[in-house]
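The values are calculated or read from the model by the stated rules, or taken from the named source; none is laboratory data. Everything numeric here is computed off the predicted structure, so don't read it as measured data. Quick reminder, even Gly has a Cβ in these numbers, built from the backbone with ideal geometry, and neighbours come from all protein chains shown. The protein model used for the area step is the full one, side chains on, heavy atoms only, and it has no ligands, DNA or RNA in it. Shrake-Rupley method; radii C 1.70, N 1.55, O 1.52, S 1.80 Å.
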Amino acid sequence: MLLLRCPLLLLLLPLSSRPQKLPTRDEELFQMQIRDKAFFHDSSVIPDGAEISSYLFRDTPKRYFFVVEEDNTPLAVTVTPCDAPLEWKLSVQELPEEASGEGSGEPEPLEQQKQQITNEEGTELFSYKGNDVEYFVSSSSPSGLYQLDLLSTEKDTHFKVYATTTPESDQPYPELPYDPRIDVTSLGRTTVTLAWKPSPTASLLKQPIQYCIVINKEHNFKSLCAVEAKLSSDDAFMMAPKPGLDFSPFDFAHFGFPSDNNSGKERGFLKSSSKFGRQMSSKPRVDLHKVCVGNKNIFTVSDLKPDTQYYFDMFAVNTNTNMSTAYVGTFARTKEEAKQKTVELKDGKVTDVFIKRKGAKFLRFAPVSSHQKVTFSVHSCLDAVQIQVRRDGKLLLSQNVEGVRHFQLRGKAKAKYLIRLKGSKKGASMLKILATTRPNKQSFPSLPEDTRIKAFDKLRTCSSVTVAWLGTQERNKFCIYKREVDDNYNEEQKKREQNQCLGPDTRKKSEKVLCKYFHSQNIQKAVTTETIRGLQPGKSYLLDVYVIGHGGHSVKYQSKLVKTRKFC
């Protein structure tokens, strides 16, 4: 007493005008020929104990058959909608009695059997409408021809059907624990930690179970089939055949659906990963991710966005059957970004700012008096930083700054300025910033475009080196310092010491060479030279030039590595 097991009967019934075959109670094959192809188009037979995948066109019903040959037979039918709600109905009608052919064993005439089947509506056992995975289970079902009618009124869709007459022993779907909920055990700005109880199929029956997590921003999913349909829905339905054309379920491999013989390859689940990624489909949908974590019962999802609601679903997957069961999904909102503390700038006062790698800082400048102009001076100590200035919400300035830069903007009565400073991607950033409504009050000295120190090789001796550097039209104080370094001192070490904000006050008195004032009204002639004496033969020295502004703040030129001659 069983459902049809013949593999050939997986094929659709009316693929051609040739007779189709179904088993009867006493014969191996029950011949049946369908006259009304429009009604029975794409009808098929459900095998016993195997899950089948198929396709529905919108408003085009599909009917499946199976035979139960003995009364009091256990029966279980599971229908899984994938990406659209389904209407489905299970009904049964009596099988035709054996022909009264004097014990000849000859079957009834085909036409008479067909009429007995098609002219009766049958008794409805169960019906459902929705997108949940729904079951019909009976411990004692009557013999008869069972009909499963399915309809999608919303859109073209695909679905899965599983039927068995041995539900107690089959158990292809993983069993859920007594508490099938997913717990959110930890919540951060970009991470959520999930925990769940193991499936008894794994803990008690020792069957191979892996857990797959699905993350998205829209809604929870009720089946893994729905997830896979969402992930691969870009092109699959557009290529589906039109009603009226005969086709086989095995043809779905050509329409983006996995075929039976390579389902493991096409529908294989992901390996555990510390970061979820789009690994399921070649054309995944945005913000829908699936990751399988093996037999773990706790997992942290990372790389999420702050202050964003996410939906989390968990599926226990039997890796032997590739069939799955959904836990009760949950949702959670990640924490907000820590609010940036806004630093208040004082008019004419230099403020030191430290920014983490890739970080940002916000500053506010609110002049107490009316003003025609406002000047922002920025001194980047290390790598370039980005400055943005908004006045009452309007963007006035967006620039990258290396060294010292001055920005003068038109003022406005009672205006408030918001300054955003964004650090470097290479590492932490340090800078000094000054905001003032008095243009003549400049704490930072002006700098030439080129802040390199040039050494003259021909003037190099065993005890001295001669160097030059550029100045500006503004009279400033320049101080030069020297420091002996090892012969293996390289550019990488020099780069680490290029903090332009460290002034002469951080140097030893013994390293000071001299200080002098210098400027030139002709910018082309704003060049000064200096010879550093009293050096040792064949030694390497690191030279630094500091320019000191009227407010006492200094800026360091680019360091220069020089070496005296060994023999003279």
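Of all positions in region 426-437, at least one carries a residue that is assigned by the TED database to the domain that holds Leu363 and either charged (D, E, K, R) or free of Cβ contacts under 8 Å to residues at least 24 places away in the same chain (or both).
Here is a list: Ser446, Ser398, Ser463. Which entry is of a type in the set (Ser, Thr, Tyr) and closer than 20 Å to Phe362 by Cα?
On the way: Ser446 fails: closer than 20 Å to Phe362 by Cα; Ser463 fails: closer than 20 Å to Phe362 by Cα.
Selected residue: Ser398, the only one of Ser446, Ser398, Ser463 that is of a type in the set (Ser, Thr, Tyr) and closer than 20 Å to Phe362 by Cα.
Hey, could you check region 545-568 for residues that are of a type in the set (A, V, I, L, M, F, W, C) and open to solvent by less than 20 Å² (accessible area, probe 1.4 Å) and say which is nearest to Glu474 (Cα to Cα)?
Here is the first cut: in region 545-568, the ones of a type in the set (A, V, I, L, M, F, W, C) are 545, 547-548, 555, 561-562, 567-568.
Next, from what is left, pick out any that are open to solvent by less than 20 Å² (accessible area, probe 1.4 Å): 545, 547, 555, 562.
Working: Val545: 17, Val547: 11, Val555: 14, Val562: 28 Å.
That would be Val547.
Counting only strands (runs of 3 or more DSSP E) wholly contained in region 82-163, the ones carrying 1 or more residues that are on the phi > 0 side of the Ramachandran plot and modelled with pLDDT under 90 occupy 123-130, 144-151. Restricting to region 412-431, name every residue that is farther than 18 Å from Gly359 by Cβ and surrounded by 15 or more Cβ atoms within 10 Å (Cβ to Cβ). Answer for region 412-431, where residues must be farther than 18 Å from Gly359 by Cβ and surrounded by 15 or more Cβ atoms within 10 Å (Cβ to Cβ): Lys412, Ala415, Tyr417. Within region 183-209, being buried (at least 22 other Cβ atoms within 10 Å of the Cβ) and over 18 Å from the mean Cα position of the chain (by Cα) holds for Trp196, Ser199, Ile209.
Residues that are of a type in the set (Gly, Ala, Ser) and out of contact with any His (no Cβ under 8 Å at 6 or more places or on another chain) within region 358-377 comprise Gly359, Ala360, Ala366, Ser369, Ser370, listed in sequence order.
Go through region 49-88 and report how many residues are charged (D, E, K, R) and either within 16 Å of Ala226 (Cβ to Cβ) or open to solvent by less than 50 Å² (accessible area, probe 1.4 Å) (or both).
So the first thing to find is which residues in region 49-88 are charged (D, E, K, R), and the list is 51, 58-59, 62-63, 69-71, 83, 87.
Of the ones still in play, those that are also either within 16 Å of Ala226 (Cβ to Cβ) or open to solvent by less than 50 Å² (accessible area, probe 1.4 Å) (or both) are 51, 62-63, 83.
Count: 4.
Picking from residues in region 452-493 that are assigned to a loop (DSSP other than H, G, I, E, B) and basic (Lys, Arg), the one that is modelled with the lowest pLDDT is Arg475. What are the residues in region 305-353 that are open to solvent by less than 60 Å² (accessible area, probe 1.4 Å), farther than 30 Å from Cys82 by Cβ and not in a strand (DSSP E or B), if any? If the condition is that a residue be open to solvent by less than 60 Å² (accessible area, probe 1.4 Å), farther than 30 Å from Cys82 by Cβ and not in a strand (DSSP E or B), then Pro306, Leu345, Gly348, Val350 are the ones that fit.
For region 152-172, the set of residues classified as under 35 Å from the mean Cα position of the chain (by Cα) and open to solvent by 40 Å² or more (accessible area, probe 1.4 Å) consists of Thr153, Glu154, Lys155, Asp156, Gln171, listed by residue number.
From Leu434, Leu409, which residue is among the hydrophobic types (A, V, I, L, M, F, W, C), assigned to a strand (DSSP E or B) and either open to solvent by 80 Å² or more (accessible area, probe 1.4 Å) or over 30 Å from Leu543 (Cβ atoms) (or both)? Residue meeting the stated conditions: Leu409.
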